[in-house]
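Shown next, in structure tokens, is the structure this report addresses.
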Amino acid sequence: WVLMKTARAPSNIAVIKYWGKRDEKLILPINSSISVTLDYLFATTTVAVGPSFTSDRLWLNGKEVSMESERYKNCLQQIRSRATDVTDEKTGLVVKKEDWKDLHVHVASRNNFPTAAGLASSAAGFACLVYALAHLMGAKETYEGEFSAIARLGSGSACRSLYGGFVKWNMGKEDSGRDSIATQIVEKDHWKDLVIIIAVVSSRQKETSSTAGMQTSVKTSPLLHHRAEVVVPKRIEQMEQAILKQDFATFAKLTCADSNQFHATCLDTSPPIFYMNDTSRRLIGLVEKWNAHEGTPQAAYTFDAGPNAVLFAPNNEVAKSLLQRILYLFPPAADADISKYVIGDQSI
Ligand code: DP6
């Protein structure tokens, strides 16, 4: 027999960024962060167990990869230790609580967006893995947010992908990481008019992973420590208020400022890390000039550890105008499919 479960989890984009850990193994951050869930970018993961499986195995986008990494092992072990008796609805098959530790899992996960191009594929992937495994093994949370703490062991930003809408990852204080969990600020319907545009600048893999990049920043960037201790705590409060009030002007200012400070921190790292490219910078210029011309923010931008932009507009009308401006600056071929258009990829 084989028992299977499939789940889907969204990606998320941080508007107040997480960059730097205080504990590498438990993935505990040096500051809290806030994200917006990106429903259209998601991972779909199928997990299966059966007595004939002789080892834990993992396939990412159809290609087998090692499951030997501590991150996978930690997530799996945490869910396994919370497994309960499970009865399969279709077949009536029963897997007892004590049997799960001897059963190996096979995991197959797919993203509907470019992996590791700075669109938080690891966030969607680990959130999905934890959620699917918990369902398969009948694991239940013993406190609210516990699954987000387990997803965090896979990748920090993954803890924010277990919720929809606007999500805050509280850095927490405890050494165990028990209180370093995500909580939902508001559901996405709270701010129905907000439009998110993803401008894919390159679908290439990034050169410096977030994990390695933030390690170097923690060791070498004085700006990072100022950011985590002084700047971010204030911004977290202001951002939460802006979201609750649907105050686009404040949301936009904080989002752009935080993205820019995160990239400044990368530049302040030794050796410096560059995630944005010329196309990214031209997009920033477009938004900044437009906002300055109108005297109030029309749009906002944010960039994670890659050159792709996530852009925000307060409503559909402004979003259309933003899109027109982008296409004017980066004219696609006449027959291009705009939904798949990679801006500026010709430069690579
Ligand atoms: C720039 O969550 O990918 O996207 O915890 O080492 O797996 P690890 O890093 P990861 O870092 C994300 C960094 C970021 C900002 C953010 O999502 O908050």
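The values are calculated or read from the model by the stated rules, or taken from the named source; none is laboratory data. These numbers were taken from a predicted model, which means no experiment stands behind them. Because the Cβ atoms are built from the backbone with ideal geometry, glycine has one as well, and the counts that use them run over all protein chains shown.
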Q: Please work out which residue is surrounded by the most Cβ atoms within 10 Å (Cβ to Cβ), limiting yourself to the stretch 3-33 and to residues that are within 27 Å of Gly138 (Cβ to Cβ) and near the ligand (Cβ under 8 Å from one of its atoms).
A: Asn12
Q: Identify, from the list Ser176, Ser180, the residue that is within 16 Å of the ligand (Cβ to nearest atom), at pLDDT 95 or above and either outside any loop (DSSP other than H, G, I, E, B) or among the hydroxyl-bearing types (Ser, Thr, Tyr) (or both).
A: Ser180
Q. Residues of the stretch 208-250 being within 16 Å of the ligand (Cβ to nearest atom), free of Cβ contacts under 8 Å to residues at least 24 places away in the same chain and of a type in the set (Lys, Arg), which ones?
A. Lys219
Q) For the stretch 34-46, which residues satisfy the criterion of being away from the ligand (no atom under 12 Å from the Cβ) and small (Gly, Ala, Ser)? A) Ala43
Q: Pairs only if they're at least six apart or on different chains, beta carbon under 7 angstrom, first in the stretch 143-157 and without any contact (Cβ under 8 Å) to a residue 24 or more places away in the chain and more than 17 Å from Glu70 (Cα to Cα), second more than 9 Å from the ligand (Cβ to nearest atom) and of a type in the set (A, V, I, L, M); list them, first residue then second.
A: Phe147/Val130; Phe147/Ala134; Phe147/Leu162
Q. Given the conditions (1) surrounded by fewer than 17 Cβ atoms within 10 Å (Cβ to Cβ); (2) within 16 Å of the ligand (Cβ to nearest atom), which single one is not true for Asp99?
A. (2)
Q: Of all residues in the stretch 251-296, count the ones that are part of a helix (DSSP H, G or I), under 26 Å from Val342 (Cα atoms), among the hydrophobic types (A, V, I, L, M, F, W, C) and touching a residue at least 40 places away in the same chain (Cβ under 8 Å).
A: 7
Q: Please state which of the following conditions Ile185 fails to meet, knowing it meets all the rest: (1) out of contact with any helix residue (DSSP H, G or I) (no Cβ under 6 Å at 6 or more places or on another chain); (2) more than 13 Å from the ligand (Cβ to nearest atom).
A: (1)
